[in-house]
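For reference, the structure is listed below as structure tokens.
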Amino acid sequence: MHPSYLPVFFWSLIIFVSFLGYGETLRRALNRTEFDDLGWGLTSAWGMATVLAIGGLLMAFHLAITPILTAVVVLGAALGLFYGVSSLVGGKITRSTFHFPLSDLILYLLAAVAFASSIAWSNQIDPNDDLICYLMLPKKILATGTLIEPFSFQRAGTFGGQALLQALVMIVGAERNGHVPDRGLAMVMMFGLLVHATRGLRGQQAVVRFLLLFAFWLVPVPRISTNGAITGGILFIGMLETLERAFSVKSRKWLAFIPVGLLLAGACTIRPTFTVVAGAVLLALALRDLWGSYRSGGLPNAIAPFATIGLTSLAVLTPFMVVLYASNGTPMVPPFSGFVSQAFQTYSFQEPLKNVTGTLAFFTAPEALAMMALLAIAAFYPVKRDTKPILWGTMIASGVILHRFSALAFLDLYRYLYPIFVPLAMWMIAALLQKSAAENQQDSVNEPIRMPIAASAAALLFFIIIGSSQGGKELNEQITGLPDQMKEVKPFFDPNLRKAYEELQGLVPAGEKILTMVDASYWLDYKRNPMYSINAVGGSSPPPGIPFEQGPDALASYFKGLGIRYVIAVDFNNAVLLYTRKLWNESTRPEWFYTSIWKPRFNDFMDNIDTLAAKEGRLLAKAGNARLIDLGK
């Protein structure tokens, strides 16, 4: 057993118990009957949202450092352990609590394999995003207590919730453990929510339940990096489940809607697509309720829940916005650009007709059709009071997302919508199964098959068939790769590269600012020096902005004006991927903006850095494939 595997494995379990602890604390504090039986999946989602809120506040005050975040996790775990022991002693947890159908053993084994293999999952690592940015951000949070990256386009596009969750794991772990929050924790939490939503089913409903949960594990979530997918999904579905419970009682109190706002904010911190869809769904619900209440004269009572949700989410998001403003000059991108270039915010075709055809073309792909088949079940057999506005809001938001990113490849669009469509559809199908079971109390699987059940089974089978090939490959990689993870957790790069970075950084006086363009930015020491990574060159930069086509001296003057004298940059002819001339000069990617916007800026910047390094006295040292450049006083 490799010494780095088990500590991270158990620490990840402690984080999960911490989520349970904070979620249960919030539930008890609210003391609402509609929240008496949340189940461990939804309880942990409440806890994750709570931890994100705490982390955002800490980052606003530069306090999200290793000791304090460790204390946050340990406190939550202590609460979770306390509640668990209390339930055991009080008889709330008995032997029957752990009884489940024998068929569920397969599902729990799949869950165990998925979680265990997420600890040092070596696939779906994007060298341009993960190695240069995403895996560096949690390291920087732990070292500096906040997340200031003014030249990082990727950082500007997120509030930082996913990086904060990765930072919790990296308290004990390292960059190889970046997949744990999404592939490990969030997947188990979503599974728990679905298990609770389908509990007690028998007969034909139980068969479809097994198909649903089996599909959840077999069909792989489309990922290309460690960025959040199902993390946002569990918070989004948790928001909808909590909202449904809050609306289920007549004696509504504004307190019941606080966790809805908390979960909404949590989803927004993970990825902007969840901001769009969650906002659209809540807007659709609000318009329906407010219009109905206006006509009946009960408008004030209808406003209170949505006002509570809005104010709670705003309160949670404000610290994240403060940090993002300090980092990139904007509280949110879009609508406010701040340091972010307008040119880099364009992911659609320049021809309007192509945007329409590109959006429509997405739904002709088999994977998209399989997702839509699941959603169609919810649309044709609506069993929830809010099904129609939820689906309308989701589809409108999805149209906005597809239109905005219409020039991207199908895989990018698919991975944006999958963690929205699939968890939502499965959650609604679970409700359909429960309603069908309530209408027919017979236990025999020989009873006449009801049309909604048959349609659900057909849609799930279609979904499984479409995803089975890739799902089988990924499951095989999980099972066969797990022993390798336990034996040896290999770094992404030769450890000598880390020594090279240490050598170069050691030549810079402590406290001096450094601009970095290196392959493994997570190996830099962010405690010793304020360092800023530049990934998408020109995507984000403080005013007046990086000067392009103005020569090397203008570039040097710009950075020196910001107090940055030193640059640690790779050899642009000997880098892994993003910082190589070969990538930009020989790339065959079809997206127009890479060749028209990104390529000229990268090439101009690299040429100017090389020219500055060639000047006498500017190149201070070389180590590995990197060099230290002095821009001068």
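Some values worked out for this structure:
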read-out: Selection status of Lys615, farther than 25 Å from Gln345 by Cα and modelled with pLDDT under 95; value: yes
read-out: Condition met for Leu515 (closer than 18 Å to Ala613 by Cβ and assigned to a strand (DSSP E or B)); value: yes
read-out: Out of Ile65, Ile93, sole residue that is touching a Gly at 6+ places or on another chain (Cβ under 8 Å), open to solvent by 20 Å² or more (accessible area, probe 1.4 Å) and at pLDDT below 90; value: Ile93
read-out: Those residues of the stretch 565-600 which are farther than 21 Å from Asp126 by Cα and either touching a Lys or Arg at 6+ places or on another chain (Cβ under 7 Å) or not β-branched (Val, Ile, Thr) (or both), in sequence order; value: Arg565, Tyr566, Ser596, Pro600
read-out: Positions within the stretch 521-552 being in a loop (DSSP other than H, G, I, E, B), touching an Asp or Glu at 6+ places or on another chain (Cβ under 7 Å) and open to solvent by less than 10 Å² (accessible area, probe 1.4 Å), in sequence order; value: Asn529
read-out: Condition check for Pro300: part of a loop (DSSP other than H, G, I, E, B) and open to solvent by 20 Å² or more (accessible area, probe 1.4 Å); value: no
read-out: Tally, over the stretch 473-501, of residues that are in a helix (DSSP H, G or I) and either closer than 26 Å to Ser521 by Cα or touching a residue at least 60 places away in the same chain (Cβ under 8 Å) (or both); value: 18
read-out: Residue tally, condition open to solvent by 40 Å² or more (accessible area, probe 1.4 Å) and within 13 Å of Leu185 (Cβ to Cβ), over the stretch 7-24; value: 5
read-out: Flag for Leu504 being under 29 Å from the mean Cα position of the chain (by Cα), open to solvent by less than 10 Å² (accessible area, probe 1.4 Å) and among the aliphatic types (A, V, I, L, M); value: no
read-out: Leading residue by the ranking (surrounded by the most Cβ atoms within 10 Å (Cβ to Cβ)) among those in the stretch 356-381 that are without any contact (Cβ under 8 Å) to a residue 12 or more places away in the chain and either not in a helix (DSSP H, G or I) or not β-branched (Val, Ile, Thr) (or both); value: Ala361
read-out: Selected residue (criterion: most open to solvent (accessible area, probe 1.4 Å)) from residues of the stretch 319-335 that are part of a helix (DSSP H, G or I) and over 14 Å from Gly266 (Cβ atoms); value: Tyr325
read-out: Conditions (1) under 23 Å from Ala246 (Cα atoms); (2) in contact (Cβ under 8 Å) with a residue 24 or more places away in the chain: number failed by Ala397; value: (1)
read-out: Residue within the stretch 135-148 that is crowded, with 24+ Cβ neighbours inside 10 Å, under 30 Å from Asn476 (Cβ atoms) and among the aliphatic types (A, V, I, L, M) present; value: yes
read-out: Which numbered condition Phe349 fails, given (1) at pLDDT 95 or above; (2) part of a loop (DSSP other than H, G, I, E, B); (3) of a type in the set (A, V, I, L, M, F, W, C); value: (1)
read-out: All positions within the stretch 588-624 that are assigned to a helix (DSSP H, G or I) and within 19 Å of Arg404 (Cα to Cα); value: Trp592, Phe593, Tyr594, Thr595, Ser596, Ile597, Trp598
read-out: Residue list for the stretch 29-59, filter: open to solvent by 20 Å² or more (accessible area, probe 1.4 Å) and within 17 Å of the chain's Cα centre (by Cα); value: Thr50, Ala53
read-out: Checklist (1) outside any helix (DSSP H, G or I); (2) in contact with a Gly (Cβ under 8 Å, 6 or more places away or on another chain); (3) of a type outside the set (Ser, Thr, Tyr); (4) open to solvent by less than 50 Å² (accessible area, probe 1.4 Å) applied to Leu578, failing item; value: (2)
read-out: Unique residue being more than 20 Å from Ala459 (Cβ to Cβ), surrounded by fewer than 21 Cβ atoms within 10 Å (Cβ to Cβ) and among the aliphatic types (A, V, I, L, M) when the list is Leu255, Leu235, Leu218, Leu211; value: Leu255
read-out: Breaking point among (1) within 19 Å of Cys133 (Cβ to Cβ); (2) modelled with pLDDT of 95 or more; (3) open to solvent by less than 20 Å² (accessible area, probe 1.4 Å); (4) of a type outside the set (Ser, Thr, Tyr), for Lys513; value: (3)
read-out: Candidates Leu142, Leu164, Leu137, filtered to the one that is free of Cβ contacts under 8 Å to residues at least 60 places away in the same chain, over 23 Å from Leu424 (Cα atoms), out of contact with any strand residue (DSSP E or B) (no Cβ under 8 Å at 6 or more places or on another chain) and part of a helix (DSSP H, G or I); value: Leu137
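The values are calculated or read from the model by the stated rules, or taken from the named source; none is laboratory data. The model shown is predicted, which means the values in this text are computed figures rather than measured ones. Neighbour counts run over all protein chains shown; Cβ positions are idealised from the backbone, glycine included. Keep in mind that these areas ignore ligands, DNA and RNA; they rest on the heavy atoms of the full protein, side chains included. Shrake-Rupley method; radii C 1.70, N 1.55, O 1.52, S 1.80 Å.
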